[in-house]
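Participant: The structure's right below; bear with me while I get my questions together.
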Amino acid sequence: MTRSPGGNKLTGRVVDALKGGDHAIRRALMATRILLLTGMSPDVRIFDGIIPRLPDAEVVPWLDPRPHESIPDYALRLADSIGVSGDVIVCGVSFGGIVARELAVHLRAKACVLVSSIRSVRQLPPWFRVFVPFARFRLEAMMDAIGTTASVWPQRIRTRSTARLTKLGGDAGSWHRWATASVLRWHASSDLDRVPLVQIHGDRDKTFPIRYVDPDISIPGGGHEMALTHASEISRILGGLTAGLQMTQTAGT
């Protein structure tokens, strides 16, 4: 784990808490509920290495999105379905981190954690940002056509990128089409900064390369799936965050 030079005060508390030892971290984790959001592929196995290390963590089930629903509106519905607020930390991976930012505000969360994710569309790599101006058009229909075409592409010449595009086609691709379009249309709510944020990123992330991100904490060797491959480090940082928040609360009482 490497703390970035520009890391915020909350990141400093995480580092200080980690120096305090595992006992304080375990005690803090027992008292803090952590809500986990998967990435665009809603596969809960991304947290297989994290959940056993976090005694009060749970994965938030995704809701079916409404047509053309914005991320802020979706996050509000998701918050209503969860029914908790206040003493929680919201942690999201990739696309889940984007939703987590909005969700944390509605839940009045103690903190929000981004893993392999972005703070805003400004942190998208250039090859994603180039599509932002097209987001106001019939983007979903275009993606459906692209996905359907990719699915009939001959197997012998299909690449990894072509295989990913197949997720956009047909009825089965409705979630991926909505999630992709909603990111490109994302206008972050004005009050996101009310919730303290920690952004954790791997220096080998190819989906959101770290040179465009400027995270608070970087993980050497971490790729886009580091929530799974570096679960021990991510869990320890979450533990340090809970302990750091607890120390701050105690100092303020």
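The values are calculated or read from the model by the stated rules, or taken from the named source; none is laboratory data. Every value quoted in this text rests on a predicted model; they were computed, and no experiment measured them. Note that we place each Cβ from the backbone using ideal geometry, even for glycine, and neighbour counts take in every protein chain shown.
Conditions tested, residue by residue: (1) in the same structural domain as Asp56 (by TED's automatic domain parsing); (2) touching a residue at least 60 places away in the same chain (Cβ under 8 Å); (3) crowded, with 22+ Cβ neighbours inside 10 Å; (4) not polar (S, T, N, Q).
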| site | (1), (2), (3), (4) |
| --- | --- |
| Pro196 | yes, yes, no, yes |
| His201 | yes, yes, yes, yes |
| Tyr212 | yes, yes, no, yes |
| Pro215 | yes, yes, yes, yes |
| Glu225 | yes, yes, no, yes |
| His230 | yes, no, yes, yes |
| Leu238 | yes, yes, yes, yes |
| Thr242 | yes, yes, yes, no |
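Participant: Could you check Arg108 against (1) part of a helix (DSSP H, G or I); (2) surrounded by fewer than 24 Cβ atoms within 10 Å (Cβ to Cβ); (3) of a type outside the set (Ser, Thr, Tyr) and say which number it fails?
Facilitator: (1)
Participant: Go through the stretch 55-73 and give me each residue that's surrounded by 14 or more Cβ atoms within 10 Å (Cβ to Cβ), over 21 Å from Arg108 (Cβ atoms) and either at pLDDT below 85 or not aromatic (Phe, Trp, Tyr) (or both).
Facilitator: Across the stretch 55-73, the qualifying residues are Pro65, Glu69.
This table checks each residue for (1) more than 14 Å from Ile34 (Cα to Cα); (2) part of a helix (DSSP H, G or I); (3) without any contact (Cβ under 8 Å) to a residue 24 or more places away in the chain; (4) out of contact with any strand residue (DSSP E or B) (no Cβ under 9 Å at 6 or more places or on another chain).
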{"position": "Pro61", "(1), (2), (3), (4)": "no, no, yes, yes"}
{"position": "Pro72", "(1), (2), (3), (4)": "yes, yes, no, yes"}
{"position": "Val84", "(1), (2), (3), (4)": "no, no, no, no"}
{"position": "Ile89", "(1), (2), (3), (4)": "no, no, no, no"}
